[in-house]
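Below you'll find the structure, written out as structure tokens, and then a few comments.
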Amino acid sequence: MFVKCEFSKSFFDALDIQDFNRMLGGNKDTINVKEWKAHTDYNGFRRKSYRVKWFWKTRHWSRCSNASATPSTCVSCTPAGASRAARRSASSGSTLHVTSRLLSTPHPNAFNLASELAAAARLAHAQPDSAASLERLVWAFLHAAYTARKTKKSCSGPLGPVAAHVAILLRSGAPAALGQLYLSEHEPCRVGAERAIRRLLTTDISITPVLLELCSSVAAGGSVRRCHADDPLYADIRRSLASLLSFLMGHPACWLDVSPDWAAEHLTRLVVDKASAVVELIETARQMMMTTQPPPPAAAAAMNKDNDLLPEFKTFSSALRQQVTWLLSAAPRRRRPWWTALHAALASLLRGVDEYMGVIETFMWRQMHASAASSSPTALLDRMALSLPCVRVVLAELDAWSDVDAAWPESGHALRPTLAAHAVETEILVLTAGSEWSQTMGWVAARHRDLLHFDTRRHLAMALLPKLAAAGSGDDARHEMIVDRSRLLADSFASVANAAPEKLRAGLVVEFRDEMATGPGVRREWFCLVFRALFSPSQVLFSACPSDRRRFFVNPASIVDPLHLPYYEFAGRMIALALMHRIPVGVLFDRTLFLQLANRSITLDDIMDADPSLYASCKKILEMDSSLLDSNTLGLTFVREVELLGSRTVVKAMTIDQQRRLLFFWTSVEYLPFDGFSGLGSRLSIFRSHNSCDHLPTSGTCFYQLDLPAYTSFDMMERRLQMIVQEHVSSSFGKS
């Protein structure tokens, strides 16, 4: 509803409801005072002084006394069949066959040029000098296609004028003939064919099937395979094909009228070739990690020689999977001859990844104990960093293929055990993935969440969020806010709801009107106060679950507020900002709200906490005899009463509540992160204040600093601390 625009689906795929609430709400358990004490430093006090002992002794407050003192805080801070038939026929017969159809086609000039191009390519084997005309014929054909695109003839058929021209070229057999000519022993033939093919590569027309036919012909045609993977022309054809496929993926029109079977057969050859190269790359990386010696130059060069390897493998694999899916939907039980090669390639990739992951843990252990006599830690990590992207791409593709059970039946039974057997290595793959690889690794958290620890899932989810600008970079671009405490929600809504997203990502500078303080402490205080107001019952935006008053779901009665939709959008922005700034705000989502945000379906069991009465009623009805319900004997009438503007309060144990107020006064953090005080990012400190004993403690929330006067007795310290943990006192200071 209100935060979908701020989060990607991958963000929610990486988390479950418990993970999300840990990140947003922080730790709702009792504060561990022993841990609190261990994360506090002292300035002006000795750790074992009696005043320090008094301070920690007063953690169990049971009553609050009134006082007039005021606290303060610090001020700083297919055509395939046709082409094969054309190749089998004599050139004269082929020419006569095409010529006889000129009168029945809407593009006779295209048929004439394509036929002439195919005939010239075949004739060049016997007359090499004629290969010089091939580039001119290709240019003429492309010019005819451009002209048809400009005129937009209505008689182009279902494919459109340009696509119809490309289909004519493919059916003529010209692409296959050019590919075969490029493999010729005669230099004029190879040069003429290469020029003609490169002319095709310069077009902005979608010629996906033509490029695929060229790849297959150049790679597989001829007894002498001149087209090695390092051949510049073959690499350029393959690169152009990958670029077109990645741009047009999901659009069947890019395949014209070729059959999925033909496309899948040709794509399988590319996938198998690329998979073989990827397996070699992974094996090279594994061998490099198994030794402490510097990698040989040949091995290092192999790791960096082909920057297009992974993108092309991913693109061809995705395109093939799309074709296979179409084939299975039409004939699910039919086995294709090229499936054997595909299965072998996928199984080889899985074996390679399994062997690679088997050495990662040993490699990391050696990296931690690296000495000057062997590789340096940095060199070892750099060595692993070269191969990790390859493994991530392979795992992501294997996971995608596991959905196509009929194409690779054993995948679903093999991938999960591999990840489970290398759980530590899987965590390393996720934790070392930067933001550019987080989308690639999102499937691990979505499908195998139980294999990852919470810290790993949180790391992945945070990497999917937009990044805040680095501190100190472009201070002028930061979003500045001046908020009146008496108009906290209205001022905050006006400032945040109307701000451009890039402005909010540049940073937030928050000040309270007529107060001097600024800095991170004020920003944290502002976050906590805004969330407290947003989720207050008086706002009617959210309702608390009866079983847990800190857990909220969307209030169905929020429609009484005419601004409820804009305020939901504002709440979404505030939640995103709180997560990006890593500020726990003490708010937990009910399962129904989380599932709505994650765009997942809601079942009856999911509403049990949000509406126990409705859940119990529906369960009882489902358990009744269906014939009794159909007879309407019960006379069931469903009525749901909604409390529109009612408010409830939750009374918590006084000791916990007061401790949170002290923590908020000290740090502007009311709820600790899930990993406790260590998650604050800085240690807390108690400074000895030079103020007299009549003064209350002050705080510097930006630096997690508490300034404590040198009170002369335990009772005096207890009274002063009881004053600052009163709600109207601890939540109203204005400095940081």
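The values are calculated or read from the model by the stated rules, or taken from the named source; none is laboratory data. In this text the structure is predicted, and so the values were computed from the model without any measurement. FYI the Cβ positions are ideal-geometry reconstructions off the backbone, even for glycines, and counts take in every protein chain you see. Only protein heavy atoms, including side chains, enter the accessible area calculation; ligands, DNA and RNA are left aside. Shrake-Rupley method; radii C 1.70, N 1.55, O 1.52, S 1.80 Å.
For the reader, a short list of remarks on this structure follows.
- Residue-span extension gain [Ile602 to Arg335] - 0.36 nm each, minus C-alpha spacing: 92.3 nm
- Each part reduced to its alpha carbon centroid, the range 558-595 and the range 659-727 end up 29 Å apart.
- Ligands, DNA and RNA excluded, the heavy atoms of Lys53 present near 130 Å² of accessible surface to a 1.4 Å solvent probe.
- Calculated FRET efficiency for the pair His125/Arg485, C-beta based, R₀ 56 Å, to 0.05: 0.05
- Within the straight-line cut-off of under 19 Å between alpha carbons, the aspartates and glutamates reachable from Lys53 are Glu35, Asp41, Asp707, Asp715, Glu718, sequence neighbours fewer than 8 places apart in one chain being disregarded.
- Seen from Arg416, the other residues with C-beta closer than 10 Å to its C-beta sum to a net charge of 0, counting Lys and Arg as +1 and Asp and Glu as -1.
- Per-residue extension of 0.36 nm, minus the Cα-Cα distance of Thr712 and Arg683, leaves a gain of 7.8 nm for this segment.
- Modelled this way, with points 7 Å down the Cα-to-C-beta line, the labels at Tyr146 and Glu283 are 4.7 nm from one another.
- Of all aspartates and glutamates in the structure, those lying under 19 Å Cα to Cα from Lys150, and not within fewer than 8 positions of it along the same chain, are Asp204.
- The label point for Trp139 and the one for Thr202, both projected 7 Å from the Cα toward the Cβ, are 0.7 nm apart.
- With all protein chains modelled, accessible area of Arg523 [1.4 Å, Å²]: 50 Å²
- Extension gain from Ala423 to Ser547, taking 0.36 nm per residue of separation minus the Cα-Cα distance: 41.1 nm
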